[in-house]
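The values are calculated or read from the model by the stated rules, or taken from the named source; none is laboratory data. Because the structure is a prediction, the values reported are computed rather than measured. Virtual Cβ from ideal backbone geometry, glycine too; neighbours counted across all protein chains shown.
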């Protein structure tokens, strides 16, 4: 593969391989890491995500329990199920697949998960610790991005790092991660969003550009400088009659025009996506390990 | 006063006046807002801060209890005292004056405070909610800065807002506050710090420049563009034999050279400092009000 490509698929597989060994270690101590998953409704994308997370867990030796509920379920029942997982010693990580139906309060639901089982890193307690620079569960996509940069020797220290998008699961936690005073962080971070005036002014100055807006191919070659490192978090479906499924996945970055100018770039698919899932497994294994360390 | 000056002293007093009315309202419902303060050791600056906070509370009609401990006190005793305040219905806000002596773990101490009494906004739970854009106690200095900008009609929406410094009490929470998708936020925020390469490149592009590094007069006139709004969080002592106390307070900004280029600027003293203390009182009153709303 071209050496400019930040190959998250291959690195993701490598990490998942290395997790197998850590799982074996845990098993030899009598602990099998376990992930509890809650899926509400039948959103096709959510069903696919949950299936692939389950499969990935099984391959790594992580035990999973998935509870599926109809979309009409009430909050109380979901909270009860989360509580069962909270109290279940076999479960080290809990994942509530988003989005939830509109009548379920997402924020309220996510904070029912015990912070020490919050392997998605969405609990305010864990996000607060992330802001403070403390050890915690970091949300999987930001964590995967940092691991990918580390692997390829891309150190954000001192670099103009421009994050496009301020979502609670990518932009905000990633910004908080990258400004920390520590190795593989220490970046000068700018967060841009829909209200930013003249976004090109910012993208053109980026040494590292992280696109997480969820808008198909909006970043073009003439918006970046030569030598930029591009991390494309977008996973947008665009209709393509020639594709097998009738659509294809594209990023927030127009690959064809940005690639020639970039020093390094993540492809879509095969860039950030596979890293996210690897980090979910990694957080689950870490949770089981830390429980053993604490003698639990 | 010059209309370029963002006069935090006068606004702080105004806010404190308006709090009096809210306190009277609360008292008419049988509730006197109460602040519990913990002061460890005899750090002269801390003693002065605690005294002035107590006085400001009393003037606003807020009841205070201050527990003073010698520097040699153990963590356990402090935790017990925090717990007493947590369980004391008369206390709506708890403040642990920082810094604590080195043998006391600050992070661990601060998270003993119940999040709903954490009027300093330093608990990870409250910082996480801040990151998520939820209603919470916002740390007093960032909150005071936003209130000051609001009062003077300086809307950061879409503006290049450069924050110098990434402390847990100013830089990080302020960045998280200003990037939120809501009125009087929506800023394009860049966080610079000691590892930033070529800091002048960033300061020169700032529409709004917030200096919170704690380094005396480091930002000079030739580092900013004409028309910049400058918020100076620095409170640095410099030796001055002509001053009554033998020193004077200066900001992180060299006022004499920046003032002529600025559209608006906070003085030091009399800018951000008085806003911080007003916000502490405001958060305490808010805590008492929200307790009544919850019927507690």
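Report whether or not residue B:153 is more than 25 Å from residue A:107 (Cα to Cα), more than 14 Å from the chain's Cα centre (by Cα) and touching a residue at least 60 places away in the same chain (Cβ under 8 Å).
When the stated conditions are applied, residue B:153 does not pass them.
State whether one or more residues within region B:248-259 are touching a strand residue (DSSP E or B) at 6+ places or on another chain (Cβ under 9 Å), free of Cβ contacts under 8 Å to residues at least 12 places away in the same chain and not assigned by TED's automatic domain parsing to the domain that holds residue B:58.
Yes - at least one qualifying residue is present in region B:248-259.
For residue B:38, are the conditions met, namely being in contact with a helix residue (DSSP H, G or I) (Cβ under 7 Å, 6 or more places away or on another chain), in contact (Cβ under 8 Å) with a residue 24 or more places away in the chain and farther than 17 Å from residue B:100 by Cα?
No.
For region A:143-167, give me each residue that is assigned to a loop (DSSP other than H, G, I, E, B) and surrounded by fewer than 24 Cβ atoms within 10 Å (Cβ to Cβ).
A:152, A:153, A:154, A:155, A:157, A:158, A:159, A:165, A:167
Can you name the residue in region A:88-101 that is over 25 Å from residue A:177 (Cβ atoms) and surrounded by fewer than 20 Cβ atoms within 10 Å (Cβ to Cβ) and, of all such residues, is nearest to the other protein chains (Cβ to nearest Cβ)?
A:101
Among the candidates A:239, A:210, which residue alone is within 24 Å of residue A:154 (Cβ to Cβ) and assigned by TED's automatic domain parsing to the domain that holds residue A:169?
On the way: A:239 fails: within 24 Å of residue A:154 (Cβ to Cβ).
The unique qualifying residue is A:210.
Hey, can you tell me all the residues within region A:117-139 that are assigned to a helix (DSSP H, G or I) and either assigned by TED's automatic domain parsing to the domain that holds residue A:36 or in contact with a strand residue (DSSP E or B) (Cβ under 6 Å, 6 or more places away or on another chain) (or both)?
A:117
Test residue A:158 against the stated conditions and say whether it is more than 7 Å from every other protein chain (Cβ to nearest Cβ) and either farther than 25 Å from residue B:124 by Cβ or touching a strand residue (DSSP E or B) at 6+ places or on another chain (Cβ under 9 Å) (or both).
Against the criterion (more than 7 Å from every other protein chain (Cβ to nearest Cβ) and either farther than 25 Å from residue B:124 by Cβ or touching a strand residue (DSSP E or B) at 6+ places or on another chain (Cβ under 9 Å) (or both)), residue A:158 does not qualify.
I'm trying to understand the selection: among the residues of region B:204-235, which are in contact with a helix residue (DSSP H, G or I) (Cβ under 6 Å, 6 or more places away or on another chain), buried (at least 24 other Cβ atoms within 10 Å of the Cβ) and more than 12 Å from residue B:266 (Cβ to Cβ)?
Answer for region B:204-235, where residues must be in contact with a helix residue (DSSP H, G or I) (Cβ under 6 Å, 6 or more places away or on another chain), buried (at least 24 other Cβ atoms within 10 Å of the Cβ) and more than 12 Å from residue B:266 (Cβ to Cβ): just B:224.
Of the numbered conditions (1) in a loop (DSSP other than H, G, I, E, B); (2) free of Cβ contacts under 8 Å to residues at least 24 places away in the same chain; (3) more than 14 Å from every other protein chain (Cβ to nearest Cβ), residue B:104 fails exactly one; give the number of that condition.
(2)
Looking only at residues in region A:121-137 that are surrounded by fewer than 23 Cβ atoms within 10 Å (Cβ to Cβ) and farther than 19 Å from residue B:136 by Cα, which one is farthest from the other protein chains (Cβ to nearest Cβ)?
Restricting to residues being surrounded by fewer than 23 Cβ atoms within 10 Å (Cβ to Cβ) and farther than 19 Å from residue B:136 by Cα, the top hit is A:135.
Can you list the strands (runs of 3 or more DSSP E) lying wholly within region A:168-270 that have 1 or more residues being away from every other protein chain (no Cβ under 13 Å) and within 19 Å of residue A:7 (Cβ to Cβ)?
The strands (runs of 3 or more DSSP E) meeting that bar are A:208-211, A:229-232, A:247-250.
Quick one: is residue B:281 in a helix (DSSP H, G or I) and either crowded, with 16+ Cβ neighbours inside 10 Å or within 23 Å of the chain's Cα centre (by Cα) (or both)?
So residue B:281 passes the test.
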